[in-house]
Each structure stands twice: as C-alpha cells, then as structure tokens.
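Quick notes on the structure that follows.
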Amino acid sequence: MPSISMKQGLFSDPVFNRKLVSLAIPIALQSLMLAAVAAADAIMLGRLNQNSMAAVSLATQIQFVMNMFLSSVVAAGSILGSQYWGKGDLRSLHDIFNLMLRLCFLIDLLFGLFCILVPGTMMTIFTNDPTLNEIGASYLRIAGWSYLLTGISQCYLTIMKLSGHAGRTAFISSSAVILNIILNSILIFGLIGLPEMGAEGAAIATLISRIVELIWASGSSLQKGFIRPDLTRLFQRNRLLSHDFRKICLPLLGASLLWGIGFTSYSAIMGHLGQDAAAANSVAAVVRDLACCMCNGISNAGSILLGSQLGQGHLDRAKIYGDKLMKISFLVGFMTTGVVLLFIHPVLLFYRLTPDARALCTGMLVITSFYMVGRCVNTVVINGIFDAGGDTKFDVFSLLVVMWMIAIPTALSGAFLFHWPVLLVYACTCLDEVGKIPWVIHHFHKYRWLRNLTR
C-alpha cells in the first residue's frame with residue numbers, strides 16, 4: 001500500500017468523503033425515520049390527550065431495553081462482519097448472519113411474551129399512576145407481537161448495510177415508517193369510518209409495519225448480489241467465530257445494559273415526578289432521538305468504513321480515518337446544539353400540554369441542546385471508532401463510573417431525597433454524556449482500536 005500522509009485536512013480526502021457520505025446519509029435517514037415513528041406516536045397521541053402520550057412513551061421503554069440486547073448482537077455482527085466483508089470471506093459472513101439470527105430470535109421471544117402476557121406488571125416498573133399504567137398495558141399487549149419480529153428484521157438490515165446495500169435498508173425502513181405513520185393517523189383518531197383507538201391503534205400500526213418490513217427485508221436478501229442466511233447451516237456452530245463473536249458481544253451487551261437500564265431509569269425517575277414531568281420528558285425524548293440521527297449515521301458509517309480498512313490490514317489509513325471521524329463528531333455536536341435551540345418553539349406548537357408541562361419541556365430542551373455535544377462525540381467515537389476495532393470494554397467502564405456512580409445516584413437523590421426542582425433533576429440525568437468527553441478523547445489517542453480481528 002502506498003505511503004499515506006498523516007497530515008490531511010478534515011475534508012481533503014475525496015475517497016473518504018465519498019464513502020462516508022454514501023454510508024452515513026442512508027443510515028442517518030434510516031435512524032431519522034425510526035425516530036419519526038416515536039415522534040408521530042407522541043404528536044398524535046399528544047393531540048388526543050396528554051396521558052395517552054405519556055403512557056405510550058413509558059411503555060415503549062420496554063422496547064428500548066429489548067433493543068439494548070438486540071443492538072449488542074447486531075453490533076457485534078456488524079463489527080466482525082464488516083472486517084470479513086473487507087477481507088472477502090463470505091463463508092464467515094454467512095456464519096455470522098446465522099449466529100445473529102439465532103440470538104435475536106431468543107431475545108424477541110423473551111420480551112414479546114412478557115409484554116403480551118403480563119403488560120400491567122411491566123408498566124409498574126415505570127409509573128405508579130393507575131391511569132398511565134392502564135393505557136400503557138393496553139399498548140404493550142398488542143405491541144408485544146411486533147417485538148417477536150424486531151430482531152430478525154434488524155439482522156437482515158444490518159447485513160445489507162455492511163455488504164454495500166445501505167440505500168436499500170434506508171428505503172425499506174423509511175417505507176415501513178411512512179406506513180406506520182399513515183396507519184397511526186387512521187387508527188389513533190378513527191379515520192375512514194374506523195373507531196378511535198388511541199394507544200391501541202398506535203400498537204396495531206407498529207405491528208403491521210413490522211410485518212411488512214420483515215417480509216420486504218427477507219425478500220430482498222433473495223436477490224442477486226445480496227447476502228442471505230444459509231438455512232442448511234442455521235444451527236451449525238463455528239467455534240472459532242463464536243469465540244470471537246462472544247469476546248466482542250459480551251462487553252457490548254454489558255455496555256448496552258448499563259446504558260439502556262440507566263437511561264430507562266431516567267424515564268422512570270421523571271415518570272414518578274408527576275404527569276407534567278412525564279409528559280415534558282416524553283417530548284424532550286422525542287426531540288433528543290431526532291437530533292441524534294446524524295451522529296448515529298456517522299457512527300454506523302464510520303464503524304463499517306473503519307472495519308473494512310482494518311479487515312484488509314490498512315492500519316495507517318484506518319488511523320487517519322479515525323482521526324477525521326473524531327473531529328467530525330465535535331462539529332456535528334455543536335451544529336446539533338444550534339438546531340435543537342432553534343426548534344424549541346416550533347416543537348411545542350405540536351403538543352397539547354398543560355402550562356406547567358410546557359414550561360418544563362422548554363427547560364428540558366435547552367438542557368438537551370448542550371447535552372447533544374457529548375452525545376454526538378461519544379456516539380461516534382465509542383460506538384463507531386472503538387467498536388470498529390473490537391475495543392468494546394472501554395464503554396463498560398465509562399458507563400459504570402459516569403452514569404451509575406455519578407448521574408443516576410445524583411438524579412435519584414435530587415428527586416426523592418432532596419426534592420430538587422424537576423429541571424435540576426433532569427439536568428442530573430444528562431451528566432453522563434458530558435462527563436465522559438475528556439476520558440473518551442484520552443482513550444482514543446491510545447489507539448487500542450487499531451486492530452485486525454479476522455482470522
């Protein structure tokens with residue numbers, strides 16, 4: 001490989017720019033469309049009544065926790081898969097696909113059955129309000145069926161992304177989201193002669209769109225040039241590959257659980273501070289998820305891009321790409337802060353909130369805007385750069401210290417011991433991402449993520 005200069009401008013490499021944009025834009029669009037489902041649910045249910053919006057926001061925390069398990073599996077598959085794809089080893093890629101399918105099916109089954117069979121019990125984790133519990137349970141009882149399909153769809157879409165079909169994944173996900181939003185409007189409000197179904201209508205819309213997404217994704221894999229699971233070897237175990245997968249997946253799972261349960265505990269804390277706090281937090285969560293779409297796209301694209309270079313043994317080039325991605329993460333973070341501040345007033349126009357909830361939501365969105373700098377940097381560097389080279393343990397330690405030893409105890413103490421104002425408690429829930437930045441940048445410059453993981 002020819003020598004590569006380590007001193008390059010941020011956007012001076014046209015090859016890097018083209019590859020990053022071609023991957024990041026479809027993935028960011030996919031992330032945006034997925035976030036748009038939650039936004040559509042919140043806006044439509046918020047137009048119906050405040051309690052329906054708050055209850056469904058709390059109920060979907062179950063799916064959020066489920067996604068922590070699923071994301072650790074598909075992320076491990078993406079890390080290994082991108083390196084083997086770069087190496088050109090398709091047999092190993094098929095084995096990774098099968099392994100992902102087996103694990104994701106078990107996760108889907110566990111969470112789906114709990115939501116279908118005992119939805120009320122699941123809701124008591126997030127709220128002690130009987131009205132919110134009843135509405136949320138009615139949503140979970142139906143949405144639980146869609147959870148049986150979620151992981152399988154993610155496996156197909158992940159393999160498409162890393163094998164050069166990011167555009168197709170974005171198109172499938174976007175179409176499913178558009179269908180979901182259309183069905184939401186019909187079923188929630190009872191249009192075209194149907195009865196008004198509220199939260200249950202939102203759940204039915206989610207289920208139908210998941211079915212369509214899975215059929216479309218699995219059907220696409222049968223086309224020429226796509227990777228499909230080798231069903232004849234679905235239950236065969238590649239011991240070496242399983243060992244490598246486990247070494248990557250377990251730290252990812254630990255980090256996902258620490259972050260996911262911690263983040264869910266934030267929602268639970270806000271849910272116990274009253275209906276106005278729960279409703280304001282629901283709106284802020286939707287805005288936060290929408291604002292994260294670009295950094296999610298760059299993180300996923302960067303991981304695939306770096307993984308391909310590392311799998312080919314191009315460590316010098318991967319180091320340059322990593323440096324560029326780290327700088328881009330700061331740029332995107334500051335841009336996102338400005339966007340959130342700019343859209344605070346337009347966002348509030350979409351919701352029917354009480355005056356107290358509206359005031360709380362305004363304050364939460366201001367806090368969220370500054371939180372986004374840390375969120376963007378940490379997402380791109382940890383989930384994109386570090387994970388691409390299998391450096392997955394760092395996230396576990398950073399979450400243990402910053403989230404579980406600082407942010408969560410502070411928020412709990414403020415809410416239930418010292419009875420701080422709601423906005424101060426909410427600010428405590430944002431400490432983790434901002435506090436990690438110096439630690440993350442220090443670890444980045446150790447370059448432990450520069451590793452070829454293929455055999």
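The values are calculated or read from the model by the stated rules, or taken from the named source; none is laboratory data. All values derive from a computational prediction rather than experimental measurement. When we count neighbours, we look across all protein chains shown, and the Cβ atoms used for this are built from the backbone with ideal geometry, even at glycine. Note: accessible area is taken over every heavy atom of the protein model, side chains too, but ligands, DNA and RNA are not part of it. Shrake-Rupley method; radii C 1.70, N 1.55, O 1.52, S 1.80 Å.
In Å², what does the accessible area per residue of the stretch 244-290 work out to with a 1.4 Å probe?
On a per-residue basis, 28 Å².
If I compute solvent accessible area with a 1.4 Å probe over the protein chains, what percent of it on the chain is carbon and sulfur?
On the way: 12500 of 18340 Å².
That share works out to 68 percent.
Taking the dipole about the Cα centre of the stretch 367-455, with the C-beta of Lys and Arg at +1 and of Asp and Glu at -1, give me whichever of Trp449, Cys430, His419 is farthest to the positive side.
Of the options given, the answer is Trp449.
Got the relative contact order for the stretch 366-447 handy, in percent, Cα pairs under 8 Å and 6 or more residues apart? Please list the in-between numbers first.
Working: 56 pairs, mean separation 37.6, N = 82.
Reported relative contact order: 46 percent.
Computed FRET efficiency, Cβ-Cβ of Ile208 and Ser413, R0 56 Å: what is it to the nearest 0.05?
Efficiency, from the Cβ-Cβ distance: 0.80.
Give me the Å³ per residue figure for the convex hull around the C-alpha atoms of the stretch 61-185.
Here the figure is 92 Å³ per residue.
Taking Cα atoms, how many degrees apart are the long axis of helix 198-220 and the longest axis of the chain, rounded to 10 and kept between 0 and 90?
For helix 198-220, the angle is close to 20 degrees.
Using a simple charge model, +1 on the beta-carbon of Lys and Arg, -1 on the beta-carbon of Asp and Glu, nothing else, what dipole does the chain show about its Cα centre, in debye to the nearest 20?
With Lys and Arg at +1 and Asp and Glu at -1, about 1620 debye.
Given labels modelled 7 Å from the Cα in the Cβ direction, how far is it in nm from Leu250 to Gln236?
2.6
Rounded, prolate or oblate: which one fits the stretch 283-427, using the alpha carbon gyration tensor with axes a ≥ b ≥ c (rounded when a/c is under 1.5, else prolate when a/b beats b/c, else oblate)?
oblate
Dipole size in debye (nearest 20) for the stretch 200-354 around its Cα centre, Lys and Arg Cβ +1, Asp and Glu Cβ -1? Could the numbers behind the result be given before it?
Working: 14 positive and 8 negative charges, 127 e Å.
Around 620 debye, computed over the stretch 200-354.
Suppose each label sits 7 Å from its Cα in the direction of the beta carbon; what would the Ser175-Leu341 distance come out to in nanometres?
It works out to 4.1 nm between the two label points.
Per DSSP H run of at least 4 residues, take -39500 (n - 2.57); add these up for the chain, divide by its residues and hand me the 222 nm value, nearest 500 deg cm²/dmol.
Details: 18 runs with 343 residues, N = 455.
Estimated from H runs of four or more residues: -26000 deg cm²/dmol.
Heavy-atom accessible area per residue, the stretch 72-148, 1.4 Å probe: how many Å²?
Per residue, the stretch 72-148 has an accessible area of 38 Å².
On full extension of the chain, what length is gained from Asp356 through His243, given 0.36 nm per residue of separation minus the C-alpha to C-alpha distance?
Gain on extension, Asp356 to His243, equals 35.4 nm.
All other residues with a Cβ under 14 Å from the Cβ of Val401 taken together, and with Lys, Arg as +1 and Asp, Glu as -1, what is their net charge?
Spelling it out: positives minus negatives among the neighbours equals -1.
Residues of the stretch 330-369 with backbone nitrogen within less than 20 Å of a virtual label 7 Å along the Cα-to-Cβ line of Thr131, please, listed as ranges.
It comes to 351-361, nothing else.
If you scale each eigenvalue of the Cα gyration tensor by 5 and take the root, what three semi-axes come out for the stretch 353-393, rounded to whole angstrom and sorted largest first? Numbers along the way, then the final one.
Numbers: eigenvalues 240, 15, 6 Å².
Semi-axes (√(5λ), whole Å): 35, 9, 5.
Dimensions of the chain along principal axes (Cα, Å, largest first)?
Largest first, the chain extends 63, 47, 35 Å along its Cα principal axes.
In percent, what relative contact order does the chain have, based on Cα pairs under 8 Å that are 6 or more apart in sequence?
23 percent.
Between 0 and 90 degrees, rounded to the nearest ten: what's the tilt of helix 431-444 against the longest Cα principal axis of the chain?
0
Mind checking which lysines have their Cα closer than 25 Å to the Cα of Lys327? Skip sequence neighbours fewer than 8 apart in that chain.
Filter leaves Lys7, Lys19, Lys161, Lys319, Lys393, Lys436, Lys446.
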